[in-house]
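Step one of this worksheet: look at the structure below.
The values are calculated or read from the model by the stated rules, or taken from the named source; none is laboratory data. Remember, it's a predicted structure, so these values are computed and weren't measured experimentally. All Cβ positions, glycine included, derive from the backbone under ideal geometry; neighbour counts span all protein chains shown. Please note that ligands, DNA and RNA were not included when accessible areas were found on the heavy atoms of the full protein model with its side chains. Shrake-Rupley method; radii C 1.70, N 1.55, O 1.52, S 1.80 Å.
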Amino acid sequence: MMLFLAYITLSLVTVFPLCTSASMRPWELTRLSVTGLPWRGEEGLHEPLNTLAVEIRDPSEYANSQPVVECITKFPYASPPYHQAFNCTELSYGWWQFAFFPPKPLQDNSEPQYWNPGQDFTLELRLFSMSSGSWFEGQANFSVSAGGNLRGLCSAGGVCSFMVKEEMLPVYIQQKGG
Ligand SMILES: *[C@@H]1O[C@H](CO)[C@@H](O)[C@H](O)[C@H]1NC(C)=O
Ligand SMILES: *[C@@H]1O[C@H](CO)[C@@H](O)[C@H](O)[C@H]1NC(C)=O
């Protein structure tokens with residue numbers, strides 16, 4: 001009990017000074033889809049045939065009038081732009097960016113050279129908040145394997161489409177920073 005109280009006291013002391021994040025609540029990912037069109041031939045591998053689309057709801061007060069953020073990017077099968085920061089829709093209170101990459105590198109520390117529409121990936125979201133003048137960052141993992149949070153398939157024609165399972169929405173993303 002004493003320890004517990006001490007822990008709470010410590011947490012309050014350490015957490016509150018950072019709290020411009022006092023007004024911050026976890027981001028809610030309300031939709032995510034990854035789709036891929038068939039590439040048909042070698043050149044197609046470099047065409048932006050894949051689409052990653054994300055919708056985030058930010059329940060924090062600063063986002064009051066603009067709670068929904070849309071993030072979308074198109075990219076090729078070959079050399080996917082892992083870790084590259086893309087802009088989301090423009091909002092007045094801040095600047096949202098997102099990136100995606102494999103959750104863990106291969107054994108030799110490299111990353112897969114080709115995108116597989118059914119592959120596991122990590123989504124990273126970043127918000128530069130004008131009011132606090134600082135960055136916040138949060139991540140979530142997505143997977144189509146058993147028990148994973150994505151559902152979908154590739155059709156015989158080679159069109160692939162995966163989405164977060166409805167029963168797993170929203171996906172809460174705890175942000176850090178400030
Ligand atoms: C992303 O948004 C920032 C801020 O509005 C802008 O300066 C930058 O050029 C944008 N980047 C791209 C790739 O559109
Ligand atoms: C995502 O998966 C990676 C690798 O398995 C893990 O290290 C990381 O903690 C996970 N991130 C979240 C937000 O669950």
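Could you list, in sequence order, all residues of region 26-38 that are touching an Asp or Glu at 6+ places or on another chain (Cβ under 8 Å) and open to solvent by 40 Å² or more (accessible area, probe 1.4 Å)?
If we filter region 26-38 for residues that are touching an Asp or Glu at 6+ places or on another chain (Cβ under 8 Å), which is where we start, we get 27-32.
If the condition is that a residue be touching an Asp or Glu at 6+ places or on another chain (Cβ under 8 Å) and open to solvent by 40 Å² or more (accessible area, probe 1.4 Å), then THR30, ARG31 are the ones that fit.
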Going by what's in this entry, would THR73 be described as of a type in the set (S, T, N, Q) and closer than 22 Å to CYS160 by Cα? yes
Say whether the condition of being under 30 Å from SER131 (Cβ atoms), within 16 Å of ligand 2 (Cβ to nearest atom) and among the aliphatic types (A, V, I, L, M) is met by at least one residue in region 70-81. no
Does region 93-104 hold any residues that are open to solvent by 20 Å² or more (accessible area, probe 1.4 Å) and part of a loop (DSSP other than H, G, I, E, B), and which are they? TYR93, PRO103, LYS104
Residues located in region 122-133, provided they are surrounded by fewer than 15 Cβ atoms within 10 Å (Cβ to Cβ) and either away from ligand 1 (no atom under 16 Å from the Cβ) or under 12 Å from the mean Cα position of the chain (by Cα) (or both): SER131
Counting only residues that are of a type in the set (Asp, Glu) and within 16 Å of ligand 2 (Cβ to nearest atom), give me the strands (runs of 3 or more DSSP E) lying completely in region 105-173 with at least 1 of them. 121-129, 134-142
Against the conditions (1) within 16 Å of ligand 1 (Cβ to nearest atom); (2) surrounded by 16 or more Cβ atoms within 10 Å (Cβ to Cβ), where does TYR62 fall short? Just the number, please. (1)
Does any residue in region 157-178 that is without any contact (Cβ under 8 Å) to a residue 40 or more places away in the chain and over 19 Å from THR51 (Cα atoms) come within less than 9 Å, Cβ to Cβ, of a residue that is open to solvent by less than 40 Å² (accessible area, probe 1.4 Å) and part of a strand (DSSP E or B) six or more places away or on a different chain, and which pairs are these? MET168/LEU150
In region 72-92, what residues are away from ligand 1 (no atom under 12 Å from the Cβ) and buried (at least 17 other Cβ atoms within 10 Å of the Cβ)? PHE75, PRO76, TYR77, PRO80
